[in-house]
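First the structure, in the form of C-alpha cells, and then the observations on it.
The values are calculated or read from the model by the stated rules, or taken from the named source; none is laboratory data. These figures come from a predicted structure and were not determined experimentally. Here the Cβ is made from the backbone with ideal geometry for all residues, glycine too, and neighbour counts use every protein chain on show. With ligands, DNA and RNA removed, areas are computed over all heavy atoms of the protein, side chains included. Shrake-Rupley method; radii C 1.70, N 1.55, O 1.52, S 1.80 Å.
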Amino acid sequence: MHVVVPGGCLNPARKQWKTLRGRYLFKARNLAKVFRTRLLESLRQAGLALPGQLPSQWVVDCTRVGKGLPALTYLARYLYRGVISENNILDDDGTHVTFRFKDSRTGRYQTRTVAGEDFLWLLLQHVLPKGFRRVRDFGFLHGNARQRLTRVQVALGVIAASAITRARPPFLCFCCHQPMTIVAFVRPAWRSG
C-alpha cells in the first residue's frame, strides 16, 4: 500500500497553508506500529481469521519527496500500467518463465527465472480482491471537496484568486444576439382572478 500525505494543512481561519516543521511528518517505525495495530484490530473486529504467526515488524518507508510531483510520478507507474510489460518477459519454455526487472536498490536491470506457477503467483499478488479500488482520495483531494481543494490551491499560489470568481454569462439580445446592458429588473404586474 502506498500513501501520499501532504507536508502541511490548510488553516481555515486564516486561509493559509501551514507547512510542516522539520524534515518528516511521522517517524517511520512509529507509523508502522500504529498502522499495524489498528489494521489488525479492525480485521479482528470484522471477524476475519488471522494467521497464527504474523511478522512482528512491518516494512515501512517514509520518504520526503519534495513538492509531490516525484511521488505522483512514482505512483503513476503502479496505477496506470500493468505489473510487467510483455517486453520484460524474455523466455517461456512451458515450465519456466524468465523475466527482466529493475532492482529498486541498485537501479539496474536483472533477470530471474522461476517456475510458471511461481510467476503467476507473483502476478496475482498485484490483483485487487473483489470490491477493492486501486486509488482512494481523502481530504482535499476527495471528489466532494472541490471547494477545499480550490482554497488550498489559492493558499499555495497554484491558481490565482481571480480565477475562482466566475463572471456571469452576458444576457444576449433575441434579435441581434449581442450582449445587453442591464439597466433594471422589473417584475411583471400579475393580475388576480
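Within segment 110-142, the set of residues being touching a residue at least 40 places away in the same chain (Cβ under 8 Å) and among the charged types (D, E, K, R) comprises R134 only.
For segment 1-45, taking the residues that are among the charged types (D, E, K, R) and over 24 Å from L72 (Cα atoms), the one that is least open to solvent (accessible area, probe 1.4 Å) is identified as R36.
Check segment 148-162 and report whether any residue there is at pLDDT 80 or above, open to solvent by 100 Å² or more (accessible area, probe 1.4 Å), of a type outside the set (D, E, K, R) and under 24 Å from the mean Cα position of the chain (by Cα). No, segment 148-162 has no match at all. Within segment 78-98, residues that are over 12 Å from T113 (Cα atoms) have Cβ atoms under 8 Å from residues that are assigned to a strand (DSSP E or B) and open to solvent by 100 Å² or more (accessible area, probe 1.4 Å) in no pair, counting only partners at least 6 apart in sequence or on another chain.
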